[in-house]
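Working notes, structure below.
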Amino acid sequence: MVLPSRDMDRIECQWCKAQNDSGQTTCGTCGAPLDARNLVSDSGWKEAPRLKDMTEFKFSNSTCQVEGELVPVAEINLAQGDSVFFEHHVLLWKDEAAPLSAMSLGGGMKRMLGGMPMVISIAHGPGRVAFSRDASGEVVVLPLHPSMELDVREHAFLVASHSISYSFERIKGMTNVLHGEGMYLDRFVTTGEQGILLLHGYGNVFQRTLGEGEKILVEPGGFLYKDSSVQMNTVQQNVKTGLMRHGMYLAEMTGPGRVGIQSMYVHHHSE
Amino acid sequence: MTTTETSTYTCRFCRLPSDASGTSCPNCGAPVDVKSVVSDSGWQEQPAVKDMARIQFGQSTCQIEGTYVPTADFGLAGDDSIYFSHHCVLWTEPTVQMTAMPMAGGWNRVRAGLPLVMLEARGPGHIALSDDAPGEVVAIPIQHGHSVWVREHRFLAATGNVNYTWQQSGIWITTGAGNDQETHFPLGMFIDIFHAEGGPGLLLLHSPGNMFIRDLRQGETICIQPSSLVYKDPTVGMQLHLEYPNAGAMNFGWHSAFSYRQVWLRMWGPGRVAVQSVFERPENSGQITSHSPATRTVW
């Protein structure tokens, strides 16, 4: 990204804080509209920017274009030497010549039992590849600056650039998006180089930045991502639900840091 | 928008008057600056509540956030309360007090797939609710002493002064015979009834897809897919309507009995009917052997 010489010619993106030339209408780093009002609720949740159809932004030497609005597609034109990784089932189409490889992960049996893919796929440039998940919602673009660490709920990760390292952990006692107990958290870490991470949020996505020690209780199915500085604990509410008098559990998030939520989720069973 | 000389208007969706200074109705959040969109057949499209629109009730507010799967973010003042099904909670501030509100008729509610327990939330603080399907959050202010009948599973939240009861929908069919006999409830086993007591109240529903309303005149009838009903005025009557289209050469045996038949919900005025554009595909079941009161047409 080329920065103009004068401060007054720059527009700061309200979503990722990147500086943009005054002539741009969308952020060159994350695609957020620069000419739209920042939507923040009375309670402090900022709505993730609605990416305009066909919005394009750059990372490394490659470009990403987000197409469609109901179930958006992220189409990436990978330059030579660039690569992205993803769960294999989110691949919508690819150029025949674009090479694929696999990233081996530990804990394969646990991941399989948790409904997580055992292998993460990698697409290499040059070539075009496109990704989408299978539900209406939003593509959330999160540029990760050097030395950032972000935790993302299972089944939300769409694609990440090669400069980001990936690991995962299991959070016990948190309701899984499918069923059963426990939730996998995907962990994305950058070291010396900036990277870009794309998530799929089911429904609408909102973000709130918690202050030091500030707490918020979130339905586990609605949780989407958090800075690793945000502590997450399962807390039982003082109410019983259903015929079997199940306890009601919420995820207690304690700042400092960002928390992202999605408005559509598979909720608790009523029985 | 219907304007008068005193700069008041009557919202065409919630039918309540207020001043015309805002961009959305303070009672239901419907935008006031849009043209009425009415189809040739008389269905009026309920415009989606604008992103971040605020609705006032008591000393509290409700802000509708998002457009795909909107959330209802309640800013509860000290003495105000709302109730809702526990599975709709998206997030809450720790200051909000949640208590259980047990429902009578628990076993019947379990059989109908309805929540056994409602939660009541009291302020001060914020709490947000959402359902899990793309669609619209619809706010219905209920005047003191008035009621609204709502199809089951459409309820999102109501203010504390709105009384909630339910009753059998009375709409059913049975298919098969002997041990294979099955009872089906095209509208659901129960219908939720909300009644404002001790003052006006606010009811929030979630409508998957888009929602359309129609004010039926006295005696005017309409047939709708039973699972598309969102809510109706209590004055609107309803019963089944069974229709057997003429299938030509195939109009015999099981074809005429159930393959081509249509099971409608026949409704008649006066009063308002609201339908959603997403509905469940009718069940592929056997020949109808008995049913609740119904009209019948064989073409």
Condition check for B:Leu119: touching a Cys at 6+ places or on another chain (Cβ under 7 Å), open to solvent by less than 60 Å² (accessible area, probe 1.4 Å), outside any loop (DSSP other than H, G, I, E, B) and within 14 Å of chain A (Cβ to nearest Cβ): no
Say we look at the stretch B:65-82 and pick out the residues that are in contact with a Gly (Cβ under 7 Å, 6 or more places away or on another chain) and hydroxyl-bearing (Ser, Thr, Tyr); which of these is nearest to A:His200 (Cα to Cα)? B:Tyr68
All strands (runs of 3 or more DSSP E) inside the stretch A:183-243 with 3 or more residues being within 11 Å of chain B (Cβ to nearest Cβ): A:205-210, A:215-218, A:231-241
Take the residues of the stretch B:155-190 that are of a type in the set (Ser, Thr, Tyr) and either open to solvent by less than 20 Å² (accessible area, probe 1.4 Å) or within 22 Å of the chain's Cα centre (by Cα) (or both): which is nearest to B:Met101 (Cα to Cα)? B:Tyr164
For the stretch B:197-221, give me the residue count where each residue is crowded, with 19+ Cβ neighbours inside 10 Å and more than 17 Å from the chain's Cα centre (by Cα). 0
Counted residues, the stretch A:73-95 - those being open to solvent by 10 Å² or more (accessible area, probe 1.4 Å) and closer than 19 Å to A:Ala32 by Cβ: 2
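The values are calculated or read from the model by the stated rules, or taken from the named source; none is laboratory data. Being a predicted model, the structure only gives us computed values, none of them experimental. Note: ideal-geometry Cβ built from the backbone for every residue, glycine included; neighbour counts use all protein chains shown. To get the accessible areas, we keep the full protein, side chains included, count just its heavy atoms, and leave off ligands, DNA and RNA. Shrake-Rupley method; radii C 1.70, N 1.55, O 1.52, S 1.80 Å.
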